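Participant: Please see the structure below; I have some questions.
Every number in this text was worked out from the coordinates using simple rules, so none of it is lab data. Computed from a prediction, not measured in an experiment: that's the story for all the values here. Note that we place each Cβ from the backbone using ideal geometry, even for glycine, and neighbour counts take in every protein chain shown.
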Amino acid sequence: MSMVIGESLAEVWERTVQPDQADLPPEAARYFLKLQFTEADRERMNTLAAKARAATLAQEEEMELANYMQLGWFIDLVKSKARLSLGLAAALEDLVCRRARFRCEYCLLPEALVSTPFQFDHIIAQSHGMADKLGYSCGGSGGDLHAAALPVGFV
């Protein structure tokens, strides 16, 4: 029996889901794009994250937070495949999402930890010698929080 050693659960899931293949039926793709954590789960994740920042997580809570993060990554992976399966515009957005590693490119907040969908910003940084690019954003405080900043890596 063959065993793969040293691989993370994420690597195995990525091989299994094959997010680069646009082979989901449209109905399934639309269903997967609606997947999100419940409000109770988001509240629990916020509580655990606050305890992690304060370095007061119990060992069981560390495992619980790790489980939430892995599930969030899996949801993002399935959504990536769903976007590709729905067409070219969705494929472009998917490339931006994957480049951003499913995090806000301004504050690095993981998309899976919030209830509101992230948005795509057109970033024109001519002063930095760049053309129009798409950025992935949590929107900050109604979009105002990140208005004056360039995304991480865009400078």
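Participant: Please list 3J(HN,Hα) in residue order for region 42-58, calculated via the Karplus relation 6.51 cos²θ - 1.76 cosθ + 1.60 where θ = phi - 60°; whole Hz, with x for glycine and proline.
Facilitator: Ordered by residue, 3J(HN,Hα) equals 5, 4, 5, 4, 5, 4, 5, 5, 5, 5, 5, 5, 8, 6, 10, 6, 6 Hz.
Participant: With label points built 7 Å along Cα→Cβ from the Cα atoms of GLU7 and LYS133, find their separation and express it in nm.
Facilitator: Output for this residue pair reads 3.2 nm.
Participant: So, how do all the Cα-to-Cα distances of region 1-99 break down into 10 Å bins, in percent, from 0 on up?
Facilitator: Whole-percent P(r) values from 0 Å outward: 14, 35, 30, 18, 2.
Participant: At 0.36 nm per residue, minus the direct Cα-Cα distance, what do ALA89 and GLU62 gain on full extension? Give it in nm, one decimal, please. Before the final figure, lay out each step's value.
Facilitator: Details: separation 27, 0.36 × 27 = 9.72 nm, distance 3.80 nm.
Roughly 5.9 nm would be gained on extension.
Participant: Turning to a different aspect of this structure: Quick one: if the Förster radius is 25 Å, what FRET efficiency do GLU43 and CYS107 give, using the C-beta to C-beta distance and rounding to 0.05?
Facilitator: Numbers: r = 20 Å, r/R0 = 0.79.
FRET efficiency, GLU43 to CYS107: 0.80.
Participant: Right, another one. Calculate the spin-label point distance for SER115 paired with ALA28, positioning each point 7 Å from the Cα along the beta-carbon direction, and give it in nanometres.
Facilitator: 3.0 nm
Participant: Applying the Karplus parametrisation 6.51 cos²θ - 1.76 cosθ + 1.60 with θ = phi - 60° to the phi angles of region 64-78, what ³J(HN,Hα) value in whole Hz is obtained for each residue in order, glycine and proline being reported as x?
Facilitator: Karplus values, whole Hz, x for Gly and Pro: 4, 5, 4, 5, 4, 5, 5, 5, x, 5, 4, 4, 4, 5, 5.
Participant: For a footprinting-style exposure proxy, rank GLU60, GLU14 by other Cβ within 10 Å, fewest first.
Facilitator: Numbers: GLU60 8, GLU14 17.
If I rank by nearby Cβ atoms, fewest first, I get GLU60, GLU14.
Participant: At a 10 Å Cβ-Cβ cut-off, how would you order MET63, MET45, fewest neighbours first?
Facilitator: On the way: MET63 11, MET45 20.
So the ranking, lowest neighbour count to highest, is MET63, MET45.
Participant: Counting other beta carbons within 10 Å of each Cβ, put VAL12, VAL17, VAL78 in order, fewest first. Please report the intermediate quantities before stating the final value.
Facilitator: Values: VAL12 11, VAL17 14, VAL78 20.
Lowest to highest Cβ neighbour count: VAL12, VAL17, VAL78.
Participant: Check TYR136: other-chain or 5+ apart residues with amide H under 5 Å from its amide H, H built from backbone geometry?
Facilitator: GLU105, ASP121
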